[in-house]
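The values are calculated or read from the model by the stated rules, or taken from the named source; none is laboratory data. The structure displayed is predicted, hence computed values, not measured ones. Every residue, glycine among them, receives a Cβ derived from its backbone with ideal geometry; neighbour counts consider all protein chains shown. To get the accessible areas, we keep the full protein, side chains included, count just its heavy atoms, and leave off ligands, DNA and RNA. Shrake-Rupley method; radii C 1.70, N 1.55, O 1.52, S 1.80 Å.
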Amino acid sequence: MSVSSSSPAENAFSMKGISKSFGSVCANEGIDFEVKIGEIHALLGENGSGKSTLMNILSGVYRPDCGKISVFGETRDFRSPGDAIRCGIGMVYQHFKLAESLSATDNIIAGLSKGQIFRALQTEKSDDRHISTMDPDVSVSPDQKQRRTGTNYISDLIRKFAKRFHIDFDPDKLASQLSVSEKQSVEIIKVLIRGAKILIMDEPTAVLTPQETKKLFSVLKKMRDQGCSIVFISHKLGEITELCDRVTVLRKGRSVDTLVVSQVDTYDLIEKMVGRKIELEIVRPAPNPERLECLRVEGLTYHDEKGLAKLSDVSFSTFYGEILGVAGLAGSGQKELCEAIAGIIRPSSGSISVDAEEISGLSPRSITAKGVSMCFIPEDRLGMGLVASMGITENVLLKEYAFQKGIFIKTDRASEKSDQIIKELDIMTPGVRHPVRLLSGGNIQKVILGREIHLHPKLMITAYAVRGLDIQSSHTVYRLLNEQKKQNVSVLYIGEDLDVLIAFCDRIMVLCRGENMGILDANHTSKIEIGQMMSGTRLEVIRTGVDYVSNR
Amino acid sequence: MFRIAKREKASITDSIRFRSLGFLAGLLLSMGFIAVLGYNPFSALVTLLIGAFGTGTGLRNTLTFAIPLATTALGLSVAFRMKYWNIGGEGQLLIGATAAMFVSLVAGENTSGWILVPMMLLFGFIGGAWYALIPGLFRVYFRTNETLFTLMMNYLAIAFVKYLYHVLWKDPLKSGFPGIRSIQEQAGLPRILGVSAGIIVPVILMIVLYVLISRTKPGYEIRVVGESEPTAHYAGMNVQKIMVGGIILSGGIVGLAGAVKLSGETLTLTESLGGGTGFTAIVIAWLANLSAPIILVVSFLFAALQQGAQIIQLRLNVPAAVAEIIKGLMLMSFLGSEFFLRYRIIFNKRDKSQSYPQILSASQSSDIETDKTPDKEVKP
């Protein structure tokens, strides 16, 4: 146990004995959590371990059933997020809440009065308690303030304010034109300008490229050096070791331990998080050496309803007994690619064939009728893959009712199959009729996987199959997909975590703005290379150093 | 002060408790209102109950009111299951009745009732279905807003019937007075114990719809489409075809309600034949949670309220508006109880001694804890 009992004076905040239950579910049970002034503290735990609840309590969204919160040495009782921000606690959510049609500046100052804006941007010089001034430019003389009060002036102040943390962005841009990482910067500045000295970052790297993540880390470190405290929620262990000073592990609503990151081994962390030792190695069985082509996509182009090109001229093939990974920033055309292959959307042009059988433009049912057994595990499991309010049996029926004879639906076979799926995949559910939306994320994913695997596909498309799943469930998914690969199924795996893509897939295709940037051999590539391709550099440009496309 | 938080799921005992409390509150409010008017609220209550259930005539009237309400609500429930907001029940009902009237008008005076009645009901179904299909096709193929479209179609239907009433189908025998002639005697539905035989229509429909929705392929498809259109696409369903089918069924049943009302109750077509049935049925369908058997029960209770309020109006000699207000108070209280089933109120004592440092006096944030922050961690 390495909990260093720090004196209260150097704590930014401390939470003691926090408990919170929702109905019969106890989300937090006597959690102790302390963060020092000027440290980056990781909060680690699986889904449902109580991280979000604890942070929602700290930021004033929920009130704890019992427990004590003190901030900078004073006991507080937050009744609303406003109370928390007044005490200097700000939360940067995973899903940004920006008004798309307003400029970054307007988004930042929305809800603040003129006086508040200037006080926030001006008082830095005098406010040396927690943040020491790094850049003297920021200070503004009072007459200057009176002369110029327009938005441009405020934008300038915000730009300078941001520079102190090495955040680089254009405050005059509309929020809709900002990149994901710029949007995140706006969110960070939003809470900083409201006086936050304690920042809660909820899985901030989930949406970033490796390069952007690096930049964010340097910003966060800068903020730490200036006396801010940061709570960093993540389940990527690599990031925690790279960035954080200490880590607190939560498990099943309790705080397990607080450790100094530099003195701890990743395997110990995982063990503490999961509660027992688990096999964490992602295995990659050798692909089928015959390399028989399964899916062939040529010149696939798709324009959405507004006429925007979501996919342009994408060509690739998948082979039997192989996993082809697809990397790319969120919204680079992954969803459209999957849906076009599965027959849910009709491509504008191009051809898609499975075993030389053309299926482009066919509906999912006509594809099945052609004898092509393909299955698709969509990104939005409850909104597309399943019917949320129905039980497992009725969800299994989704894929087979149409092939039954007569007008009445027969549920006996589907319910047998459901029992089998529950047993094989170890799904925790009170029964086959229990609505699937009430299951946990991991179990929901197992229901879809089980249903689709039982269709004995030869091509399997999975979109973000492990999104939101905890470590154990993720590994179950990897194991199941590897079994499919061994049974000579061709798997298309759309992924987010580059470490996983590199360790798990045989080849990796990188998409950027709907274009195929190139296909890499997973054995001979790096995160840096994939990151470059994700932000728009073609493989041949990286490998040869010559930009063929621009030279043309 | 207090906060409002979302409830996970109310238990059955809770739902019975809150609903009966709502009912009781409505009753108390109505009785208070009657007392304020200077009448004895207890005798008014007794009058209402006896008026609705206590006498043969009262019970027969209640059942007569219930038939179109239940049939219409059953029809609308099919559309609502697909999340197709069919607010056009009133118009579909009127057009259904108009189509039935048309059959009666073109048929000879001596056509057998065995041909007339089924033809009228069939035309009623077709009329309602066709009328629902106009906004339906626009919604399915052009993504127009069905709520506004179906609502507007109601007024069009009322105006059309007015035109028939005053001009096109005006009965010349009525010497200058507007009006359409009554249907042939044999075109009226037979009576069972003084109640129109139309009462079997909602009962049969209830069974048919129940089986259709829960046991058959089209019913399954309707449920999937209503839950999530992307899922339906994903499963390879033809969402447009399913929606059109559901809209035809929904409008058809509502049209049938109009034909049954014409043939079993009013015996002629007037612009006020609907009488708000299409709107009341929306409330009934939702109160019954779209469940076919419960729709029958709720319709009966609604009809009882309507009949009882009419009797109060007659016996206590109060204006018609009073009966309407009583109906409104009952409905409002009952619907109000739904709020407590979905949300709970948490009272918290504010500790006055506490003060906050004013780093920035950010705008006052509200104390209401809404859906913005769903209880993510809640798992069964």
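For region A:346-380, the set of residues classified as open to solvent by 30 Å² or more (accessible area, probe 1.4 Å) and within 12 Å of chain B (Cβ to nearest Cβ) consists of A:R346, A:L362, A:S363, A:R365, A:S366, A:T368, A:A369, A:M374, A:E379, A:D380, listed by residue number.
What do you reckon, is A:G442 open to solvent by less than 30 Å² (accessible area, probe 1.4 Å), within 14 Å of chain B (Cβ to nearest Cβ) and assigned to a helix (DSSP H, G or I)? So A:G442 fits the description; yes. Cβ-Cβ distance below 9 Å, separation of 6 or more or different chains: which pairs start in region A:250-268 with a residue that is of a type in the set (V, I, T) and end on one that is in a helix (DSSP H, G or I) and open to solvent by less than 20 Å² (accessible area, probe 1.4 Å)? Here the result reads A:V256/A:M273; A:V261/A:I240; A:V261/A:L243; A:V261/A:L269; A:T266/A:I240, each pair linking region A:250-268 to a residue that is in a helix (DSSP H, G or I) and open to solvent by less than 20 Å² (accessible area, probe 1.4 Å). Elements of the type helices (runs of 4 or more DSSP H) sitting completely within region B:191-241 and holding at least 2 residues that are away from chain A (no Cβ under 11 Å), open to solvent by 20 Å² or more (accessible area, probe 1.4 Å) and touching a residue at least 60 places away in the same chain (Cβ under 8 Å): these cover B:200-215.
Picking from B:V283, B:V297, which residue would you name as being out of contact with any Cys (no Cβ under 8 Å at 6 or more places or on another chain), farther than 21 Å from B:H166 by Cα, touching a residue at least 12 places away in the same chain (Cβ under 8 Å) and in a helix (DSSP H, G or I)?
Result: B:V283 is the single residue among B:V283, B:V297 that is out of contact with any Cys (no Cβ under 8 Å at 6 or more places or on another chain), farther than 21 Å from B:H166 by Cα, touching a residue at least 12 places away in the same chain (Cβ under 8 Å) and in a helix (DSSP H, G or I).
Select, from B:I222, B:I192, B:I183, B:I204, the only residue that is of a type outside the set (D, E, K, R) and modelled with pLDDT under 90. Break it down stepwise before answering.
Working: B:I222 fails: modelled with pLDDT under 90; B:I183 fails: modelled with pLDDT under 90; B:I204 fails: modelled with pLDDT under 90.
Going through B:I222, B:I192, B:I183, B:I204 in turn, the sole match is B:I192.
Taking (1) without any contact (Cβ under 8 Å) to a residue 60 or more places away in the chain; (2) surrounded by fewer than 17 Cβ atoms within 10 Å (Cβ to Cβ); (3) assigned to a helix (DSSP H, G or I); (4) in contact with a helix residue (DSSP H, G or I) (Cβ under 7 Å, 6 or more places away or on another chain) in turn, B:T144 satisfies each apart from (3). In region A:193-221, the residues that are under 13 Å from A:E496 (Cβ atoms) and within 14 Å of another protein chain (Cβ to nearest Cβ) reach residues that are of a type outside the set (A, V, I, L, M, F, W, C) and outside any helix (DSSP H, G or I) with C-beta atoms within less than 7 angstrom, at least six apart or across chains, in these pairs: A:E203/A:Q94; A:E203/A:S234.
Please go through region A:384-401 and pick out each residue that is closer than 14 Å to A:L455 by Cα and either at pLDDT 90 or above or within 7 Å of chain B (Cβ to nearest Cβ) (or both).
Within region A:384-401, the first condition is being closer than 14 Å to A:L455 by Cα, and the residues that meet it are A:395-401.
A:N395, A:V396, A:L397, A:L398, A:K399, A:Y401 - these are the residues of region A:384-401 that are closer than 14 Å to A:L455 by Cα and either at pLDDT 90 or above or within 7 Å of chain B (Cβ to nearest Cβ) (or both).
Among the residues of region A:92-101, none qualifies, meaning not one is crowded, with 19+ Cβ neighbours inside 10 Å and at the interface with another protein chain (Cβ under 9 Å from one of its Cβ atoms). Can you tell me which residues in region A:430-439 are more than 16 Å from A:A414 (Cα to Cα), open to solvent by 30 Å² or more (accessible area, probe 1.4 Å) and part of a loop (DSSP other than H, G, I, E, B)? A:P430, the sole residue that qualifies. Please determine whether any residue of region A:319-342 is open to solvent by less than 10 Å² (accessible area, probe 1.4 Å), closer than 30 Å to B:F142 by Cα, assigned to a strand (DSSP E or B) and free of Cβ contacts under 8 Å to residues at least 60 places away in the same chain. Scanning region A:319-342 turns up no residue that is open to solvent by less than 10 Å² (accessible area, probe 1.4 Å), closer than 30 Å to B:F142 by Cα, assigned to a strand (DSSP E or B) and free of Cβ contacts under 8 Å to residues at least 60 places away in the same chain. When you look at B:I87, is it closer than 25 Å to B:A292 by Cα, surrounded by fewer than 24 Cβ atoms within 10 Å (Cβ to Cβ), in contact with a Phe, Trp or Tyr (Cβ under 9 Å, 6 or more places away or on another chain) and not hydroxyl-bearing (S, T, Y), yes or no? The answer is yes for B:I87.
Condition (residue is at positive phi and within 16 Å of the chain's Cα centre (by Cα)) applied to region B:261-283: is it met by at least one residue? Yes; the residues of region B:261-283 include at least one that is at positive phi and within 16 Å of the chain's Cα centre (by Cα). In this structure, A:E424 does satisfy being part of a helix (DSSP H, G or I) and either under 24 Å from A:Y493 (Cα atoms) or within 10 Å of another protein chain (Cβ to nearest Cβ) (or both).
Residues in region A:369-394 that are of a type in the set (A, V, I, L, M, F, W, C) and either assigned to a helix (DSSP H, G or I) or more than 14 Å from A:I341 (Cβ to Cβ) (or both): 8 in all. Please verify whether A:T248 is crowded, with 23+ Cβ neighbours inside 10 Å and among the β-branched types (V, I, T), treating the condition exactly as stated. Against the criterion (crowded, with 23+ Cβ neighbours inside 10 Å and among the β-branched types (V, I, T)), A:T248 qualifies. Residues of region A:43-91 that are of a type in the set (G, A, S) and within 8 Å of chain B (Cβ to nearest Cβ): A:G48, A:G50, A:S52, A:S80, A:G82, A:G88.
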